[in-house]
Amino acid sequence: MKGRRGALGQYHASMSNNRGHDFEEAIRQACLLYASQGRAKVEKTPEPFRVLEKREGGIFVGRFTAHAQPDFQGTLDGGRSIIFEAKYTTTDAMKRDVLTETQMETLERHHRCGALAAVCVGIQDRFFFVPWPVWRDMKGAFGHMSVSAAELEDFRVRFTGAVLFLDYTHKIGGRWITGADCEIERWRRSK
């Protein structure tokens, strides 16, 4: 029985990993679209990785050399930099701590320098682009350290097969894409 549970766990982990890769690919498609439109030049951040040994058939042994940085970085039309982490879940909520300390510190530093820092979130079949100050202050904004798709509805972005992270489906305060800071008070709990 233990072997069966282990195999089932590996299967679920593999499926989750594949969905995460599909999510990142859908973001890459949006990056290509935005580049062709002249709206932004955003690229996937390479993993800090070093090849230790090359083998036949294109196989190699390697290791990560540092903590991962946020997944995507680039420049918006007009010169503002953009940096964001991409996180996907098949569950009904996303926890704040899915980001590593390094990723959170990096997003904070870039935000303080004026970048558009955010977390691009996929929860099941809905997609959101959450400004860093809202994600960072999740407890104050939502009352707890995880968020559901319903709670993130104000930050939902269009999906056309590509996760169009610059195209909100609703108007929100703070003119995120063009430059001003987020009106964090709008999302704080009223209790």
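Go through K44/K139; K87/K139; K41/K139 and tell me which ones have a Cα-Cα distance over 23 Å in this structure. Present the calculation step by step, with values, prior to reporting the outcome.
Details: K44/K139 29 Å; K87/K139 18 Å; K41/K139 32 Å.
Over 23 Å Cα-Cα: K44/K139; K41/K139.
Could you work out Rg/(2.2 N^0.38 Å) for segment 100-149, with Rg from alpha carbons only?
Numbers: Rg = 11.3 Å, N = 50, 2.2 N^0.38 = 9.7 Å.
Relative to the 2.2 N^0.38 Å estimate, segment 100-149 comes out at 1.17.
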Which whole-number percentage describes the relative contact order of segment 79-125, with Cα contacts under 8 Å and a sequence gap of 6 or more? 62
May I ask you to derive the relative contact order of segment 112-165, considering only C-alpha pairs under 8 Å and at least 6 residues apart, and to give it as an integer percent? 32
What is the percent carbon and sulfur in the accessible area of segment 71-129, measuring with a 1.4 Å probe over the protein chains and ignoring ligands? 43
Percent RCO, i.e. relative contact order, over segment 79-172, from Cα pairs under 8 Å lying at least 6 residues apart: 27
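What is the magnitude of the charge dipole of segment 114-158 about its Cα centre, with +1 placed on the Cβ of each Lys and Arg, -1 on the Cβ of each Asp and Glu, and no other charges, expressed in debye to the nearest 20? Mind dumping the intermediate values first?
Values: 5 positive and 5 negative charges, 20 e Å.
Dipole magnitude for segment 114-158 comes out near 100 debye.
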Semi-axis lengths (Å, descending) of the ellipsoid that matches the C-alpha gyration tensor of segment 69-158: 21, 14, 12
Nonlocal amide H pairs with R39, under 5 Å, H built at 1.01 Å: none
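The values are calculated or read from the model by the stated rules, or taken from the named source; none is laboratory data. Values in this document were obtained by computation on a predicted structure and should not be read as measured data. Please note: Cβ atoms are built from the backbone with ideal geometry, for glycine as well, and neighbour counts cover all protein chains shown. With ligands, DNA and RNA removed, areas are computed over all heavy atoms of the protein, side chains included. Shrake-Rupley method; radii C 1.70, N 1.55, O 1.52, S 1.80 Å.
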